[in-house]
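S.K.: Before we start, here is the structure in question, set down as C-alpha cells.
Quick note: the coordinates plus some simple rules give every number you see, no bench work behind them. Worth saying up front: this structure is predicted, and the values here are computed from it rather than measured. Every residue, glycine as well, gets a Cβ built from its backbone with ideal geometry; the counts of neighbours run over all protein chains shown.
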Amino acid sequence: MHSIKNTRFLNVLNNEPVDRTPLWIMRQAGRYLPEYLETRKRAGDFMTLAGTPELACEVTLQPIKRFNLDAAILFSDILTVPDAMGLGLYFEAGEGPRFKHPVRTPKDIENLATPDPETELRYVMDAVRLIRRELNDSVPLIGFSGSPWTVATYMVEGSGSKDYHHTKRLMYADESALHSLLSKITTTTIAYLRAQADAGAQALMVFDTWGGILTPRTYQLFSLGYMQQIVDAIRESHSSIPITLFTKNGGMWLPAIARTGCHAVGVDWTLDLRDARALTQDTVALQGNLDPGVLYGTHAKIREEVQRVLESYGAGHRHIFNLGHGIHQFVDPENVQYMIETVHELSPAFHK
Ligand code: CP3
C-alpha cells in the first residue's frame, strides 16, 4: 500500500499490525548531536539553518543516518508561522525565541498578515521537497505546526514566559480579541499544514506545548477547539494523511483530544500509558512517553524504564515509542543509541 520501505510508523497510525513498536524522538535533530552543532555553526544562527532548505535537509537527515529510527521530522520550528505573519522572529544566544513585534492590542491583531505558505513560507516547502527526495522513501516524513494556542502565547508574550500574564490578560479582559487572533493563526496553520502535505509530508503533528496551563473550560475554548478545526480541515482535504495532537500536561483531557478525530495522541510522562490507554480505549494510537531525563541514566536504568513504558502500554499495535517531550541538549548520543536498541530488542514481545 505504501511505497515507503519502513512502514511501521504509518502502519500504527493507520491501525495496522507491526513486528515491533516504531520509534522516533521529539527534537531528534538538535543540539545533543555534535553534527547538528557543527552545521548550526556553519549556518551562523538558527533562522539561517531553518531558512536554508539544503541545511534544514542536512540536519533532518542527521539522526536518520546515525540511528535506526522509524520516522524523520522536518527540521523547522513552530514559530516560522508567526514570523511569516509579520512578527520578526529572532533567537538571542542561549535565551530562546523572541519577536520584534509582539501582538497585544486588537489593532495589532487586525494588522496581522495572512501569509501564503508557498510564498512567505516557501523555504519550508522547499525543505520538505528536498528531504523527501533525499530520504528516498526509506522512512516517512512528519510535517508539523504549533497549536494556535501555543503559537499565540509566543506572539502575545513576545518570547517564552513563566506566567503568561499578557496572554491571560487578553483572555480574561478581551476574549473576542484573543478569539480573532486564534482564528487568524488557525487559518494560516491549516494552509501551512496542507502545503506541507502537498510538498510531501506523510504525517502531520500539532504541538500544543502550553495547552496544559489552561483550565478545563479554557482549554476546550482556546486550545482544543482550534485544534479541532485543524483536524477537520486536514481530514477533509487530505483524508489519507494521519494527524497527531500533543498537549503537554494534557493527560486529563486525553478523551476529549481523542474525540477530535485525530489518529494519534502524544502523551507526556506525567501519566502511565496504561491509564492513557484506558482513557482513550484504543480509538487512537498513543505516542510517548519516556521521561527525557531517563537518558541521563545508566544503561541498566534506561533498559528498566524502556521496559516499563512498553509494559505499561501492553500488548497491541497502537503504540509509537517516543519521549514524553523533546530530548535534552546535554544527553549523550550513545545513551540514545542504547535506548533505540533496547526498544528494538524488547518491543517485539508486545506484537505477537
Ligand atoms: O523535533 C525535531 O527534531 C524537529 C524540529 C523542531 C524544532 N522545534 C527545532 C528547534 C520542532 C518540532 C520544534 C517545535 C517547537 N519549537 C515547539 C513545540 C515542541 C516543544 O518542544 O514543546 C516549541 C515550543 C518551539 C519553540 C522554540 N524553538 C523554543 C522554545 C526554542 C528554544 C528553546 C529550546 O528548546 O531549544 C526553539 C529553538 C529550537 N527549535 C531549537 C531546535 C533544535 C534549538 C535551537 C538551537 O539550535 O539553539
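S.K.: If you take every DSSP beta bridge fully contained in the chain, what fraction is antiparallel? Give it as a percent rounded to 5. Don't skip to the end; give the middle numbers.
M.R.: Working: 5 of 29 bridges.
Antiparallel bridges make up about 15 percent of those DSSP assigns within the chain.
S.K.: Separate question: In debye, nearest 20: dipole of the range 21-285 around its Cα centre with unit charges on the Cβ of K, R (+) and D, E (-)?
M.R.: Working: 26 positive and 30 negative charges, 64 e Å.
Charge dipole of the range 21-285: 300 debye, to the nearest 20.
S.K.: How far is helix 53-66 tilted, in degrees, relative to the longest principal axis of the Cα atoms in the chain, given as a value from 0 to 90 rounded to the nearest 10?
M.R.: The answer is roughly 20 degrees.
S.K.: Moving on to the next point. Picking from A43, A300, A197, which is most flexible by a Gaussian network model of the chain using Cα springs under 10 Å?
M.R.: In the Gaussian network model the winner is A300.
S.K.: For each of K301, K41, K162, count neighbouring Cβ atoms within 10 Å of the residue's Cβ, then give the residues from fewest to most.
M.R.: With the fewest neighbours first, K301, K41, K162 line up as K162, K41, K301.
S.K.: Apply the a/c threshold of 1.5 to the C-alpha gyration tensor of the range 163-294 and tell me whether it is rounded, prolate or oblate.
M.R.: It is oblate, given that a/c is not under 1.5 and a/b is not larger than b/c.
S.K.: Continuing with the same structure: Quick check: the angle from helix 34-43's long axis to the longest principal axis of the chain, C-alpha only, nearest 10 degrees?
M.R.: 30
S.K.: At q = 0.17, 0.24 Å⁻¹, what log₁₀ I(q)/I(0) does a Debye calculation on the Cα points of the range 56-96 give, no solvent, two decimals?
M.R.: Once normalised to I(0) and log-transformed, intensities are -0.64, -0.85.
S.K.: Next question, about the same structure. Is it possible to state the helix-based mean residue ellipticity at 222 nm for the chain, with each DSSP H run of 4+ residues giving -39500 (n - 2.57), the sum divided by total residues, to the nearest 500 deg cm²/dmol? What is it?
M.R.: Result for the chain: -13000 deg cm²/dmol, rounded to the nearest 500.
S.K.: When a/c reaches 1.5 or more, the comparison of a/b and b/c decides; with that in mind, is the range 127-167 rounded, prolate or oblate per its Cα gyration tensor?
M.R.: Numbers: a/c = 4.58, a/b = 4.03, b/c = 1.14.
In terms of gyration-tensor shape, prolate.
S.K.: Continuing with the same structure: How would you classify the range 104-230 from its alpha-carbon gyration tensor, with a ≥ b ≥ c the square roots of the eigenvalues: rounded for a/c under 1.5, else prolate if a/b is greater than b/c, otherwise oblate?
M.R.: prolate
S.K.: Between the helical axis of 122-135 and the dominant principal axis of the chain, each derived from Cα atoms, what acute angle in degrees is found, rounded to the nearest 10?
M.R.: Result, in degrees: 10.
S.K.: To continue, here is another question. Out of T21, T247, T283, any idea which swings most in a Gaussian network model of the chain, alpha carbons joined below 10 Å?
M.R.: The residue that fluctuates most here is T283.
S.K.: What does the range 21-285 give for Rg and for Dmax, in Å, if only its C-alpha atoms count?
M.R.: When restricted to Cα atoms, the range 21-285 yields Rg and Dmax of 17.8, 51 Å.
S.K.: Please identify, among E134, E341, E95, the residue showing maximal mean-square fluctuation in a Gaussian network model of the chain using a 10 angstrom Cα cutoff.
M.R.: Maximum among the listed residues: E95.
S.K.: Past the 24 Å Cα-Cα mark, which pairs from K5/K352; K162/K248; K41/K184; K107/K162; K107/K248; K301/K352?
M.R.: Correct reply: K41/K184; K107/K162; K107/K248; K301/K352.
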